[in-house]
1. Each label point is 7 Å from the Cα along the Cα-to-Cβ direction; what then is the distance between the points at B:SER111 and B:ALA39, in nm?
2. Ratio of the protein assembly as shown's C-alpha Rg to 2.2 N^0.38 Å, to two decimals?
3. Could you order A:LYS70, A:LYS115, A:LYS98, A:LYS16 so the one with the most accessible surface comes first? Probe is 1.4 Å.
4. With the full set of protein chains in place, find how many percent of the accessible area of chain B is carbon and sulfur; take the probe as 1.4 Å.
5. Viscosity 1.567 mPa s, temperature 4 °C: give me the Stokes-Einstein translational D for chain B in µm²/s, with Rh taken as the Kirkwood radius over C-alpha pairs.
6. Work through the residues other than B:SER29 whose Cβ is under 11 Å from its Cβ and net out their charges, Lys, Arg +1 and Asp, Glu -1.
7. To the nearest 0.05, how large is the calculated FRET efficiency for A:LYS115 and A:ASP18 if R₀ is 22 Å and r is the Cβ-Cβ distance?
8. Checking the cross-link filter: which aspartates and glutamates have an alpha carbon closer than 17 Å to that of A:LYS16, excluding same-chain neighbours under 8 positions apart?
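The values are calculated or read from the model by the stated rules, or taken from the named source; none is laboratory data. Computed from a predicted model, the values in this text were never measured in an experiment. So basically every Cβ, Gly included, is an ideal-geometry build from the backbone, and we count neighbours across all protein chains shown. When the accessible area is computed, the model is the full protein with side chains, heavy atoms only, and any ligands, DNA or RNA have been set aside. Shrake-Rupley method; radii C 1.70, N 1.55, O 1.52, S 1.80 Å.
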Amino acid sequence: AQKVTQAQTEISVVEKEDVTLDCVYETRDTTYYLFWYKQPPSGELVFLIRRNSFDEQNEISGRYSWNFQKSTSSFNFTITASQVVDSAVYFCALSEAKTGGFKTIFGAGTRLFVKA
Amino acid sequence: SQTIHQWPATLVQPVGSPLSLECTVEGTSNPNLYWYRQAAGRGLQLLFYSVGIGQISSEVPQNLSASRPQDRQFILSSKKLLLSDSGFYLCAWSRDSSNQPQHFGDGTRLSIL
């Protein structure tokens, strides 16, 4: 069965600190997709990144980077030099090819507070 | 470009009253559509999804229902609201494939009194 675990409920950092948000997943499918979303205080979820199970290359986008490791079933998200605008709830999600993506499973989310 | 509209943004309803939340998508055709509920400080719970007009799949038994009368319109309804229906409701769309991200509306904050 699918499962996504975000063990960190809340993280608080001071501006300019680096912070890593952990995501561990479980799946029996060999083809699957991992996502990160950001939910700012305004409420709407914003898609950040997608990774497929065949591509373990890490990705960097500005201050954001993602570390996908199939060996540990993890897809961690690091924000470098955090800013107050990074304060949000971040969700990791998993979609399996065999279920057609309809049952994307979201983790419980990690609330990030960045203090000035 | 594609956009998703969801309304109303906030709603306060008495227990036992009916509910209708509407979601429309523009700029794409035959999207997958989803309704989620997010309780305060919690994760997302998938309520319904739809792969086409009139096709609704329910994930959680409850007093809510969903309908898709048009390709890009998705409606969440209830005949009688319960206190436990309070929460933040999010509509989302995606292209038809498991590797496609979902795109979310701004959400509706529903408070039941």
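1. Going from the B:SER111 label point to the B:ALA39 one covers 1.9 nm.
2. On the way: Rg = 17.8 Å, N = 229, 2.2 N^0.38 = 17.3 Å.
In units of the globular-protein estimate, the protein assembly as shown measures up at 1.02.
3. Sorted by accessible area, descending: A:LYS16, A:LYS98, A:LYS115, A:LYS70.
4. Values: 2620 of 5240 Å².
Carbon and sulfur together cover 50 percent of it.
5. Working: Rh = 14.1 Å.
Here the translational diffusion coefficient equals 92 µm²/s.
6. The answer is -1.
7. Values: r = 15 Å, r/R0 = 0.66.
For A:LYS115 and A:ASP18, the calculated efficiency is 0.90.
8. Partners within reach: A:ASP86.
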